[in-house]
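Below is one structure, written out as structure tokens; the observations come after it.
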Amino acid sequence: MPRLIKKRAVADDGWTLLRNAASLAEVPDGVPVIVPLALWIERRAALHARGEVGVWLAPADDPRVLVPDLATLPLIAVDFPKFGDGRGYSTARLLRDRYGYRGELRAIGDVLRDQLFALSECGFDAFAIREDRDPVDALAGFDDFAAGVYTSTARTPRPWFRRRQAERPAAANEPQPTPRVAEVLARLHSIASSHAPAVLATAFGAEGMVLVDLIARNALPIRIVTLDTGRLPEETLALIDRVRERYGVPVDVYTPDTRALESFVAENGVNPFYRSVELREHCCALRKSQPLARALAGKGAWITGLRREQSAYRQETPFEEFDALHGLQKFNPLADWTWDEVWRYLRTNDVPYNALHDRGFPSIGCSPCTRAVQPGEDPRAGRWWWETSEHKECGLHRRPARRVAVEASAHPQAVTT
Ligand code: SF4
């Protein structure tokens, strides 16, 4: 009998997983079975009548269709066809947090020791470890990140910063960083007046939202531009519309050249970036760099949310540099901000943010190229995680740009040229 991990112990698996069953004739009698969602939807009543039945969901399946059945379904399995496919995590959070499912939630497919902690944080309580791996060894995966993740999870609903606040009550009384915010605001005013037309180029990450909020609240003449690569997570797309609604400001969305993209996909497939750095960079060039070049054409300056703390590669990020590639000044007004400062600003000012931040994504890019990180990991470790280079960049921020660096933290007026 196959074995799996259940309730943090190795157990025999009494269920038969029917990966391809498309009709009742393919469902054996007398044993508990896990059927595909399509068969469940088509033959729900007949399956119910024949005994113990669970349902398995593919990454693209919408768990909402199971809502009427959740009270009676003893088991739902969520498939991970590939280790790096993170959609099942969202499915689990929806089932547990939003729809209140309390039955067995099982991870199936390419399930490895490294995922167990994160999967359990999302609400999974059973794990069918990949056949070529030993479930006994995989059990130790629960202890690999014993300190807990820093975002909210199904198992730990309060994110790290709230848990830390509870542990350090004095933190709630810390003064807000008004002078720090004023510094950034002064930089933005200066850029807007000296480098018009200036744009903020953002993917609406946490840092970008600080700048969006400051620009919109202060009605600064800085347009907001973003790149819709065609591979963005739904959460990012939802945030773009939320920004429009919340602030009433336009967001200029730039997209890749359709013909160039079609030809690239025809030649290399839809997900070629996993195969080589060259193909990944080519994809980034088509989906990001080229649309950015169009977004910056004719502009006086561009503004980013880069911070030195984000990665080793970014640790020398200046407040201002000349972007020789695009032929204009580039400003990074949050260069010296910490992650804590960013989140303090967002919380204090009730700024909307990308829902993926609550699921362990400090840095968010295209969906297939971004995954959650663990505490202590580089915040950008979840970007192109299969690559080993510490200089993982998509090309948008690659140096050298001829730098006319201005260390402006103490002299915000020095941002002007
Ligand atoms: Fe392509 Fe990934 Fe780069 Fe997005 S992040 S442009 S999907 S390689």
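Taken together, the values in this text are just the output of simple stated rules run on the coordinates, not laboratory data. Just so we're clear, the structure is a prediction, and the values are computed from it rather than from any experiment. Reconstructed Cβ throughout: ideal geometry from the backbone, glycine too, with neighbour counts over all protein chains shown.
Tell me which residues come under 5 Å, amide H to amide H, from residue 224 once H is placed; ignore anything under 5 positions away on its chain.
200, 252
Which value, to two decimals, describes the C-alpha radius of gyration of the stretch 1-120 once divided by 2.2 N^0.38 Å?
The value comes to 1.02.
What list of ³J(HN,Hα) couplings, whole Hz, do you get for the stretch 85-97 from phi and the Karplus terms 6.51, -1.76, 1.60, once you set θ to phi - 60° and write x for glycine and proline?
7, x, 5, x, 5, 5, 4, 5, 4, 4, 4, 7, 7
Using θ = phi - 60° and the Karplus form 6.51 cos²θ - 1.76 cosθ + 1.60, what ³J(HN,Hα) does each residue of the stretch 367-381 get, whole Hz, x for Gly and Pro?
The phi angles translate into 4, x, 10, 10, 9, 5, 10, 9, x, x, 6, 3, x, 9, 5 Hz.
Check residue 383: other-chain or 5+ apart residues with amide H under 5 Å from its amide H, H built from backbone geometry?
371
Under 5 Å between amide hydrogens, which residues at least 5 positions from residue 3 or on another chain qualify, with H placed 1.01 Å from N in the peptide plane?
Those lying under 5 Å, H to H, from residue 3 are 13.
Taking only C-alpha pairs under 8 Å that are 6+ residues apart, what is the relative contact order of the stretch 5-89 in percent?
Value for the stretch 5-89: 22 percent.
Hey, what do the phi angles of the stretch 208-215 turn into as Karplus ³J(HN,Hα) couplings, whole Hz, using 6.51/-1.76/1.60 and θ = phi - 60°, x for Gly and Pro?
Whole-Hz 3J(HN,Hα) from phi for the stretch 208-215: x, 5, 4, 6, 4, 4, 5, 5.
Which of the peptides 313-319, 68-74, 378-384, 360-366 is most tightly packed, and how do the rest follow, judged by the mean count of other Cβ atoms within 10 Å per residue?
360-366, 378-384, 313-319, 68-74
Please work out the C-alpha center-to-center distance from the stretch 312-344 to the stretch 177-240 and express it in whole Å.
About 13 Å separates the Cα centre of the stretch 312-344 from the one of the stretch 177-240.
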